[in-house]
Structure formats: structure tokens, C-alpha cells
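K.L.:
Before I ask anything, here is the structure I am working with.
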There are 2 protein chains.
Amino acid sequence: MDFLEAMRATVGAPNVLTGADAQPYSVDWRERYRGQALAVVRPGSTDEVAAIVRHCAQAGVPLIPQGGNTGLCGGATPDDSGQALILSLQRLNRIRGIDTDNDTMEVEAGCVLQAVQQAAHDAGRLFPLSLAAEGSCTIGGNLATNAGGTQVLRYGNMRELTLGLEVVTPQGDVWHGLRGLRNDNTGYALRDLFIGSEGTLGVITAATLKLHPQPVARCTALLALDSIESAIALLGRARAGLGPALTGFELMAGNCLLDVVRCFPQQRLPFEGASAQLPWYALLELSDSESEAHARERFEVVVGDALEAGCVQDAVIAESMAQSHALWHLRESIPLAEKDMGKSIKHDVSIPVSRMAEFVQGTNAALQAAFPGIRHVIFGHLGDGNLHYNVAPGEGWAEGRLLARQDDVYALVHDRVHAVGGSISAEHGVGQLKRDVLPRYKDPVEMALMHRIKAALDPQGIMNPGKVLVA
Amino acid sequence: MDFLEAMRATVGAPNVLTGADAQPYSVDWRERYRGQALAVVRPGSTDEVAAIVRHCAQAGVPLIPQGGNTGLCGGATPDDSGQALILSLQRLNRIRGIDTDNDTMEVEAGCVLQAVQQAAHDAGRLFPLSLAAEGSCTIGGNLATNAGGTQVLRYGNMRELTLGLEVVTPQGDVWHGLRGLRNDNTGYALRDLFIGSEGTLGVITAATLKLHPQPVARCTALLALDSIESAIALLGRARAGLGPALTGFELMAGNCLLDVVRCFPQQRLPFEGASAQLPWYALLELSDSESEAHARERFEVVVGDALEAGCVQDAVIAESMAQSHALWHLRESIPLAEKDMGKSIKHDVSIPVSRMAEFVQGTNAALQAAFPGIRHVIFGHLGDGNLHYNVAPGEGWAEGRLLARQDDVYALVHDRVHAVGGSISAEHGVGQLKRDVLPRYKDPVEMALMHRIKAALDPQGIMNPGKVLVA
């Protein structure tokens, strides 16, 4: 029996896709990576995943786990050899159970994030992970990349939101690690090791997730700032004054918001005059366990003090959910307005908060010196030091002029990120995109440890080869 | 140059202890494990640690990292072969820096926990890890065992409190991983792997810790309950009503509190009549970022509703810090009262909250059937499912009668923990104490993965051999 026949015998012929049917799985959604797969297999159970992996191990066929295919670093796209199997987890999409007393839920890897959020909500709980792709990304992909999003400040990354895992090892064994325990110190942190390993150490098939209480009320404020230093002073005040009720702290450069209102005239900046021309704005979100009125009161105290102390120039506290949404909509529209400026170069980096101002000022100046005329599109989750530091083409530049210099821009920005103790991938992972530059920024001892672990768990090198580490 | 001479040349003769000087390091503080060391070396810097490890690797000398020597599972005690080196980290006790804008601090492994808490406090921040041994345990030991304590519910274990590590590998290389980043997805979770590995994968020499805002006020309440089911209903209400302000939820069996007030007549239970005779009590702590008055008000709402709903029988909300302390003191005195009952058998286990009642009722009954007359001492951090499920000798039992059956008691309790999806070590680790029974309760795939990782990182097997895993 040849390999593909064995696959068909395992998952049923309709779940083994080849040729044109396999094509959509072989391209990432931004169409930056285009590969060729031997086939796409779509198992319907953990046992089927294990059987597939055993076949692959026996035949030496590399395999690439794939969820919603919404990744930004090519981590789920095959190379163009046509030899690797894409293992689509999309049919593994059951919510296996919700335990409200234990505040946990057990879900399969192929569950779409939004379906998980909804199921938690229906059970009167909050699953706090939230990100732009939530309508199509899957929990398996969120786990593989240790996804972050806008509420990391309060709830942490995917790693902090997960208690247990079920994993198929590169040998095709199943590790039944779906524990719903907040305290368990019986050996090595295998859960944390598989999370964020981008499918290079095994296939995550299910997870036990942590649930949180639903906030009773949410309130949003938009604050106008004269500098990053002021934004950091405001962050300190908001943390001290609001404690864990502060669930979001987004920083946006003023030009980003001006571009949004220019591109989308139905949106407006809720400031006028000088306050509408400031270099930075911060969007704060407060989640309250009492009431809307209490949420607003708390905001008023902290924002009032910050205005008085001079670290905020102007402020709007949303008076309704509609206004909260309008403020968030400004923030969420930045990537769309950015698209309108031409193809940009994106950096998903993190920086110690204390070095944020130094990084932005120094890097802005160095980029202008090296590439005069380029435009900066800077926004991010200041609360956890995560910056989307993007570079757009200059006004009127021919298409391709900026992208031709992409590697130079990457190198300049990443070198500066590294110099201030930052990370070149905050929340998107490494995939293919940053694999080759990783050794430039990682301690060689750390790289060596990673290679040792990869070799120990996947000695054949069949799990998502060429991702994260050079094979 | 012989091995000990090389040690003296590395750290200076006064920092190499042998004979009687080495004895105190070779016994755990509860005197359950007594070993013999080749010597104790006390390095004063990370470079000295690395040099020592390189010597050990070359000579094939096993080494045992040791912090405050307060562990409960023999994880830092040598065997009796006299061949292993104890590597005491106590001289590595500098607080290297505090970054209040980034809310991080960098500390060496030998820092005593209380000194770290104090330094954070002096900088206007909270380092929330808190446990009984905080006056003598070290951060290195807290990291090695992924320590928990009373505030896990809100702040997580040591793993969630740590952002970066500096580690000396079993080859004597230094991994400089002291990153102060909340978002960093550039490869495998080495930090999480070293944390909780009990010194079997390398030597943690320093860490970057996460700081939190200081709460403005704390308030404590003691609630009288008729059943564990009621305690769980109360936990749900407290989580929903207080959100992240709920920083502690301790469950105590009624007989524990009666024993405390019998042993320590200066303490009293703040209830009378039937309320002083209930089977369970819960101690709740609320940390507020507004005021004492606000903290009390919030407690009154949640506790009032719970009383009305019948899931709480009686309640006392502390009216002052002194009263809060008195309530906590009751909880903290349980282990001392327990000591007065004779040598007991302790279980540090965790259980899914939803199966807590079933576990306690079933295990209590099974223990009484197997060992008629034994006494139960049950308390723990219900909020994170962590139970100290202890068994004391029956009234008037001869010394040794219970301890002679220790292995049978362990097996009965741990089998039941396992049957409800719990963990046989919630927060104390494995060490020597639970090493041999671990394979009985762990998925064999998980054990195999752990052995693979151990062999990959420490192929010579010199790092704390015989701890966690059978060598």
C-alpha cells in the first residue's frame, strides 16, 4: 500500500486532498509564502492524527500541522519540494466540555477562537484571548504560536491561559496531558514547551483552557499625549490606580489616527484643535466587576490626576458602549489605513517599557537617515511592551521602492530592538520569516539548547521542518 | 591538581566546606533526608558557578544546587555516597536592579524571598509570592520548585511571576536569558522548562521577576460553611463578584480550627454556638486598588448575597488590619496544632475544584475504613484546587503506629487523587520523596518525554541525579 493510500485508509478518501484541492492550504493568507504539498490530510480524531504521524515517521514523510492558516510568518506553509504532508486540524473542532466549577474548558485544536470565546460566554465565563483573526484562526494555531492580543496586560499570553494539553509526539504516541489543575509540580513543563513551538516538536490536538469571570462592565478612554515618556508615566498611574481592572493599554502614533480619519471619513477623532494634533494617543480599557458607573468613576479619578500632573493633554472617557466601540474602531482601523499607504514593512517587536522612548526616537531617526521620506506607522500594546513598528513607503514612492530595501529595513530595526533588550518577535512567532535571522539575535547557548531539544523530541526531523530552526 | 583543590582555586578556600562544616547542608531541614557530600562549594558569581560546573563535567562529579535548604521533598539533599558536590547559591544574593517603568526586577538565585519582597515594596511595587518559609527560602529554590503559596489564585505560580532567567547549563555554559519582556515568541520556552525542574537540567543563577502594583487596601473575611459544595458555590460567587480583587481563598476543615484554639487558647474563633461547630470554614482575602472602605463594601455585597442564598452560614468581615491578621493567624497556626497531634502524614495535592467534594468525602471514608481512628487535617488553597490533605494519628495512638503505615496511606490517598484527575504534588515538587511513585501516576508518554529532555540537556547525568527522575 503506498503512502497516500495508507492516508486514505486512515481518514477516508474525501479527507485526503491533492492537486488543486490542496492548493489553498499551500499558500499563507497574505500570499507571502507559496509551497507545494504531497497532500492535505484532514483527520477527524486524535487517534487518526496519531496514525497519520506513525505512517509519516515510518515513511520519513515530513508533516506540517495547520489550523486556520492565518499565521503571519509562514509557519504553516510547506516548502516547494512537494514532499511534505499538510496535517489540517480543522475537523478536530469539538468543544469537549466546560467545567464552570473548575473554571476550565476542554477544546480540540481545530476549534475557531471565536467559537471558543462564544462557548465560554454562553457558560457565563470569559475566555480572554482576542485578536484580529479570531473569526478564522484556531486554538491549535494560537497554542502553536503562543498568541497574545490586546489583553495580555491582564490575562497573559496563550501559555498563561492554558492548563493542559493533548499532544501527538513525532513518534505517533499520544500524551494525555489534559489536566485542569492550576498547581501541579510533578516534573518538566512539557505543556509550556509544546506551546509556542510552532508545530516543530509535536502536534497539539486538544487543550484544557483557563476561564475567567466575565467583567460586569467595560469602559474605554482615549487620551492625548505629548510624548512616549508621558505615555509611560500614564501607564504607571493607570496600573497603580486601576490594578488588574486595567485590561488594555494601546499606544498609537498621532499620524496613524490622522490617516484613519482621512481614509475613513465616517470615523472621527474625538478631539479638536491642538489636542487633535498631538504625537501620541493611548486607548485604555478598564474591566470592572461592579458597574458601568463605577468603571467610569475609577477612570475619572485616574485620568483626572494624570491631566492635573500634566502627563495627559486631553481625554475622552466613553459614555456608552457605542462610544467605546467607536474608540476601539479607530485603533482597529490603523492596519487598514496603513494598507492605503502602500505595501509596508511590519515589525512585531517587544521592548522593555522603560526603553520604549529611546527605541522609538533612535530608530525613527536612523530610518529617516537611511531611507529619507519613509513614513512611520507605530502602534501597539504598550502595557506589555509589544510594538507594531511598521514602515510605510514615502508619499508618492513608486511601488516596490521600499520593498526592495526590505532586508535592510528589517536589519536596522531588529538590530536596534536587540540593542535595547527587546525581542524580534513579540506575538507572531518565527515560522519561516524570522528563522534565518534568529541566530543573529539569540544567545548561542539558547540556540544550542533549542537544537538539543528538537533533536531529542524529533530525531527524524519530520515535524514542520525548516520552521523556527534551520533544519 | 585534585578536584577539591580546583574548587578552592575557583571560589577561594573559605568557600569550600568539608567534614563537619558540610554537615548542615547534607540534611534537609525536616531531617527526613540525611546524606553525605564530597564538599559544599559557595560560589560568589555566575562565572564561578560556570567554572565549577565545567570542573564537575570534566571530572564526572555530580552536583546538587541548594538554596535556603527549606524544601519538603529532599530535592536539595545528597545521597549517602559522599560523591556529590553541594553547590550552595547563598552567596549569589544581589538584587541586581529594579526597573519600575518596566515593572521588573533582576535578582540572583541566592536572594532570600523576603528580601525580594522587601526590595519590591521599597520601590512601591508588589512581588506577590508568599509562603511559610519566606524568611529563609531563596528565589533559586522557589524557581527550581515553581513555588506557589497563598496568592496563586490571583498571581500564579513562580513560573507566571518570572520573565527571564540566567542559567548555567550542565556543560558549564551560561545562558543569558534575563529578558524583561511580557511578549516574546522566538522559540522554545526554555525559561519554563528550567523553572520547576528542581536543578536536574541546569543551575539557575539569576532571574528577571514580574512586579505588580501594590494594593491600596486588603480585607479578610472568615465564613462558616456547611459543606464543601457550599465552599465551591461561594468560590464561584466570590470570583464573579470580586474578579481579580479576590487574592486568596483558603479552605479549612472545622476540626483544624478547633484544634488551633485548643492548642493556642489566646486565639479564638470569631463565631459562637452552631456557627462555631460547622465542618468547613473559608478565609477570603480581597486586595483593593481603591480604599479599605471600598474593600469592605465589596465584601459585604458578596458575603451578604451568599448568606441570603444559603451557601454561607455565618460570616465575619475583618474591621481592621489587626482583625485581618488574627483571622490569617488562625489559618497559619493549623500546621502547629497539627504537630501537637503527633507525627502526621502530609499530602500536597491538587484536585479539579469540581471534584473536590467527591475526593474529600471518598478519601476520608476509605481512610477511616482502612485505618480506623486516624484523624484528618484538611486545609488548603481551594481557589487553585491545592489541598494539604494530612492524616494525623488517632487519639492516644502510640508513636510510630501511623508512620509504620505511611506508604499504605500515601498509596491510598495518591490513588484517589489520580482517580479524580488530580496531581500528587501541587506545589512542593518531587525531589526524592515522590520520585519512585511518579511513574505510577504519570502518563508513560510524559515520563518518556521527560527522560528524553533530561538526556538531551544533561547527557552525563551530573545535575542533581536521583531527583524527579530515576537516574
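The values are calculated or read from the model by the stated rules, or taken from the named source; none is laboratory data. Here the structure is a predicted model, which is why all the values come from computation and not from measurement. With ideal geometry, Cβ positions are generated from the backbone for all residues, glycine too; neighbour counts draw on all protein chains shown. Please note that ligands, DNA and RNA were not included when accessible areas were found on the heavy atoms of the full protein model with its side chains. Shrake-Rupley method; radii C 1.70, N 1.55, O 1.52, S 1.80 Å.
K.L.:
Out of all the residues in segment B:433-454, which are more than 22 Å from the chain's Cα centre (by Cα) and either among the acidic types (Asp, Glu) or open to solvent by less than 60 Å² (accessible area, probe 1.4 Å) (or both)? Steps first, answer last, please.
P.N.:
So the first thing to find is which residues in segment B:433-454 are more than 22 Å from the chain's Cα centre (by Cα), and the list is B:440, B:443-449, B:451-454.
Correct list: B:443, B:445, B:446, B:447, B:448, B:449, B:453, B:454.
K.L.:
So which residues in segment A:111-143 are among the polar types (S, T, N, Q), surrounded by 20 or more Cβ atoms within 10 Å (Cβ to Cβ) and out of contact with any helix residue (DSSP H, G or I) (no Cβ under 6 Å at 6 or more places or on another chain), if there are any at all? Spell out how you get there, then give the answer.
P.N.:
Residues of segment A:111-143 among the polar types (S, T, N, Q): A:114, A:117-118, A:130, A:136, A:138, A:142.
If we keep only those that are surrounded by 20 or more Cβ atoms within 10 Å (Cβ to Cβ) as well, we get A:138, A:142.
Hit for segment A:111-143 is A:138, nothing else.
K.L.:
Among the residues of segment B:362-376, write down those that are in a helix (DSSP H, G or I) and not small (Gly, Ala, Ser). Working first, answer last.
P.N.:
Narrowing segment B:362-376 to residues in a helix (DSSP H, G or I): B:362-370.
Answer for segment B:362-376, where residues must be in a helix (DSSP H, G or I) and not small (Gly, Ala, Ser): B:363, B:364, B:367, B:368.
K.L.:
Quick one: which residue in A:379, A:359 is under 30 Å from residue B:100 (Cα atoms), of a type in the set (Phe, Trp, Tyr) and in a helix (DSSP H, G or I)? First the steps, then the outcome.
P.N.:
Working: A:379 fails: in a helix (DSSP H, G or I).
Result: A:359 is the single residue among A:379, A:359 that is under 30 Å from residue B:100 (Cα atoms), of a type in the set (Phe, Trp, Tyr) and in a helix (DSSP H, G or I).
K.L.:
Inspect all residues belonging to segment B:416-423 and state whether any of them is open to solvent by 30 Å² or more (accessible area, probe 1.4 Å), hydrophobic (A, V, I, L, M, F, W, C) and within 13 Å of chain A (Cβ to nearest Cβ). Steps first, please.
P.N.:
Initial filter on segment B:416-423 (open to solvent by 30 Å² or more (accessible area, probe 1.4 Å)): B:416, B:418-419, B:421.
Imposing the further condition that a residue be hydrophobic (A, V, I, L, M, F, W, C) reduces the set to B:419.
Applying the additional criterion that residues be within 13 Å of chain A (Cβ to nearest Cβ) yields none.
No, segment B:416-423 contains no residue that is open to solvent by 30 Å² or more (accessible area, probe 1.4 Å), hydrophobic (A, V, I, L, M, F, W, C) and within 13 Å of chain A (Cβ to nearest Cβ).
K.L.:
Of the conditions (1) within 11 Å of chain A (Cβ to nearest Cβ); (2) surrounded by fewer than 15 Cβ atoms within 10 Å (Cβ to Cβ); (3) within 18 Å of residue B:32 (Cα to Cα), residue B:407 fails just one. Which one is it?
P.N.:
All conditions are met except number (1).
K.L.:
Let me ask something else about it. What pairs come out if I take residues in segment A:431-446 that are within 11 Å of residue A:414 (Cα to Cα) and pair them with residues that are part of a helix (DSSP H, G or I) whose C-beta lies under 6 Å away, six or more apart or interchain?
P.N.:
Correct list of pairs: A:441/A:418.
K.L.:
Are there any pairs, at least 6 apart or on different chains, whose C-beta atoms fall under 8 Å, with the first in segment A:74-103 and within 14 Å of chain B (Cβ to nearest Cβ) and open to solvent by less than 70 Å² (accessible area, probe 1.4 Å) and the second assigned to a loop (DSSP other than H, G, I, E, B) and of a type in the set (A, V, I, L, M), and if so, which?
P.N.:
Pairs that qualify, where the first residue is within 14 Å of chain B (Cβ to nearest Cβ) and open to solvent by less than 70 Å² (accessible area, probe 1.4 Å) and the partner is assigned to a loop (DSSP other than H, G, I, E, B) and of a type in the set (A, V, I, L, M), are A:75/A:430; A:75/A:468; A:98/A:123; A:98/A:211; A:100/A:123; A:100/A:211; A:103/A:211.
Condition check ((1) more than 23 Å from residue B:449 (Cβ to Cβ); (2) at the interface with chain A (Cβ under 9 Å from one of its Cβ atoms); (3) of a type in the set (S, T, N, Q); (4) open to solvent by 10 Å² or more (accessible area, probe 1.4 Å)) across all residues:
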| site | (1), (2), (3), (4) |
| --- | --- |
| B:170 | no, no, no, no |
| B:178 | yes, yes, no, yes |
| B:182 | yes, yes, no, yes |
| B:190 | no, yes, no, no |
| B:197 | no, yes, yes, no |
| B:205 | yes, no, yes, no |
| B:212 | yes, yes, no, yes |
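K.L.:
From B:61, B:53, which residue is outside any strand (DSSP E or B), crowded, with 23+ Cβ neighbours inside 10 Å and in contact (Cβ under 8 Å) with a residue 40 or more places away in the chain? Reasoning before the result, please.
P.N.:
Numbers: B:61 fails: crowded, with 23+ Cβ neighbours inside 10 Å.
Answer to the check: B:53.
K.L.:
Further question on the same structure: Could you please give the count of residues in segment A:437-471 that are among the hydrophobic types (A, V, I, L, M, F, W, C), out of contact with any Asp or Glu (no Cβ under 6 Å at 6 or more places or on another chain) and at the interface with chain B (Cβ under 9 Å from one of its Cβ atoms)? Break it down into steps so the answer makes sense when it comes.
P.N.:
The first filter runs over segment A:437-471 and keeps only residues among the hydrophobic types (A, V, I, L, M, F, W, C), leaving A:437-438, A:445, A:447-450, A:453, A:455-457, A:462-463, A:468-471.
This time we only want the ones that are out of contact with any Asp or Glu (no Cβ under 6 Å at 6 or more places or on another chain), so: A:437-438, A:447-450, A:453, A:455-457, A:462-463, A:469-471.
Those left that are additionally at the interface with chain B (Cβ under 9 Å from one of its Cβ atoms): A:438, A:447-450, A:453, A:455-457, A:469.
Counting residues in segment A:437-471 that are among the hydrophobic types (A, V, I, L, M, F, W, C), out of contact with any Asp or Glu (no Cβ under 6 Å at 6 or more places or on another chain) and at the interface with chain B (Cβ under 9 Å from one of its Cβ atoms) gives 10.
K.L.:
Counting only residues that are basic (Lys, Arg), more than 9 Å from every other protein chain (Cβ to nearest Cβ) and in contact with a strand residue (DSSP E or B) (Cβ under 6 Å, 6 or more places away or on another chain), how many does segment B:214-243 have? Reasoning before the result, please.
P.N.:
Applying the first criterion (basic (Lys, Arg)) to segment B:214-243 yields B:218, B:237, B:239.
Still in the running and more than 9 Å from every other protein chain (Cβ to nearest Cβ): B:218, B:237.
When the remaining residues are screened for being in contact with a strand residue (DSSP E or B) (Cβ under 6 Å, 6 or more places away or on another chain), the result is B:218.
The number of residues fulfilling the criteria is 1.
K.L.:
Also, quick follow-up: In the set A:290, A:297, which member is within 14 Å of chain B (Cβ to nearest Cβ), touching a residue at least 60 places away in the same chain (Cβ under 8 Å) and charged (D, E, K, R)?
P.N.:
On the way: A:297 fails: touching a residue at least 60 places away in the same chain (Cβ under 8 Å).
It is A:290.
K.L.:
Considering only segment A:257-302, state which residues are β-branched (Val, Ile, Thr) and under 24 Å from the mean Cα position of the chain (by Cα). Spell out how you get there, then give the answer.
P.N.:
As a first pass, look at segment A:257-302 and keep what is β-branched (Val, Ile, Thr): A:260-261, A:301-302.
Answer for segment A:257-302, where residues must be β-branched (Val, Ile, Thr) and under 24 Å from the mean Cα position of the chain (by Cα): just A:260.
K.L.:
All but one of (1) over 30 Å from residue A:342 (Cα atoms); (2) in contact (Cβ under 8 Å) with a residue 60 or more places away in the chain; (3) open to solvent by 10 Å² or more (accessible area, probe 1.4 Å) hold for residue A:263; state the number of the condition that does not hold.
P.N.:
Condition not satisfied by residue A:263: (1).
K.L.:
When you check residue B:287 against the structure, is it among the polar types (S, T, N, Q) and open to solvent by 30 Å² or more (accessible area, probe 1.4 Å), yes or no? Give the derivation first.
P.N.:
Values: among the polar types (S, T, N, Q): yes; open to solvent by 30 Å² or more (accessible area, probe 1.4 Å): no.
Answer is no for this residue.
K.L.:
Being open to solvent by 90 Å² or more (accessible area, probe 1.4 Å) and assigned to a strand (DSSP E or B) is the filter here, so list the residues in segment B:1-47 that pass it.
P.N.:
B:34
K.L.:
Ok, one more. Which numbered condition in (1) farther than 30 Å from residue A:397 by Cα; (2) modelled with pLDDT under 95 is the only one that residue A:346 fails?
P.N.:
So the condition that residue A:346 fails would be (1).
Residue by residue, here is whether (1) away from chain B (no Cβ under 14 Å); (2) buried (at least 16 other Cβ atoms within 10 Å of the Cβ) holds:
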site: A:309; (1), (2): yes, no
site: A:326; (1), (2): yes, yes
site: A:329; (1), (2): yes, no
site: A:337; (1), (2): yes, yes
site: A:353; (1), (2): no, yes
site: A:363; (1), (2): yes, yes
site: A:372; (1), (2): yes, no
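K.L.:
When segment A:244-256 is examined, which residues are found to be under 22 Å from the mean Cα position of the chain (by Cα) and either away from chain B (no Cβ under 14 Å) or among the aromatic types (Phe, Trp, Tyr) (or both)?
P.N.:
A:249, A:252, A:253, A:256
K.L.:
Given the criteria open to solvent by 10 Å² or more (accessible area, probe 1.4 Å) and within 11 Å of another protein chain (Cβ to nearest Cβ), does residue A:388 qualify?
P.N.:
Working: open to solvent by 10 Å² or more (accessible area, probe 1.4 Å): yes; within 11 Å of another protein chain (Cβ to nearest Cβ): no.
Considered against the rule, which asks whether it is open to solvent by 10 Å² or more (accessible area, probe 1.4 Å) and within 11 Å of another protein chain (Cβ to nearest Cβ), residue A:388 comes out as no.
K.L.:
Looking only at segment A:174-196, which residues are farther than 18 Å from residue B:157 by Cα and of a type in the set (Gly, Ala, Ser)? Give the steps one after another, and end with the answer.
P.N.:
Pass one, segment A:174-196, residues farther than 18 Å from residue B:157 by Cα: A:174-178, A:194, A:196.
Hits for segment A:174-196 are A:177, A:196.
K.L.:
Condition first: over 20 Å from residue B:153 (Cα atoms) and either aromatic (Phe, Trp, Tyr) or not in a strand (DSSP E or B) (or both). Now tell me which residues in segment B:382-391 satisfy that. Can you show your working first?
P.N.:
Step one: filter segment B:382-391 for residues over 20 Å from residue B:153 (Cα atoms), giving B:390-391.
Matches in segment B:382-391: none.
K.L.:
Quick one: residue B:148 ticks every box in (1) surrounded by fewer than 21 Cβ atoms within 10 Å (Cβ to Cβ); (2) modelled with pLDDT under 95; (3) not hydrophobic (A, V, I, L, M, F, W, C) bar one, so which box is it?
P.N.:
The number of the failed condition is (1).
K.L.:
Can you pull out every residue in segment B:111-149 that is assigned to a loop (DSSP other than H, G, I, E, B), away from chain A (no Cβ under 14 Å) and among the aliphatic types (A, V, I, L, M)? Step through it out loud before you land on a result.
P.N.:
Restricting attention to segment B:111-149, the residues satisfying the condition of being assigned to a loop (DSSP other than H, G, I, E, B) are B:111, B:123-124, B:127-137, B:145-149.
Pick out the ones that are also away from chain A (no Cβ under 14 Å) and you get B:111, B:127, B:130, B:132-137.
Residues satisfying the conditions are B:132, B:133.
K.L.:
What pairs come out if I take residues in segment A:458-471 that are more than 14 Å from residue A:37 (Cα to Cα) and pair them with residues that are open to solvent by 80 Å² or more (accessible area, probe 1.4 Å) and assigned to a loop (DSSP other than H, G, I, E, B) whose C-beta lies under 9 Å away, six or more apart or interchain?
P.N.:
A:461/A:471; A:466/A:79; A:470/A:436
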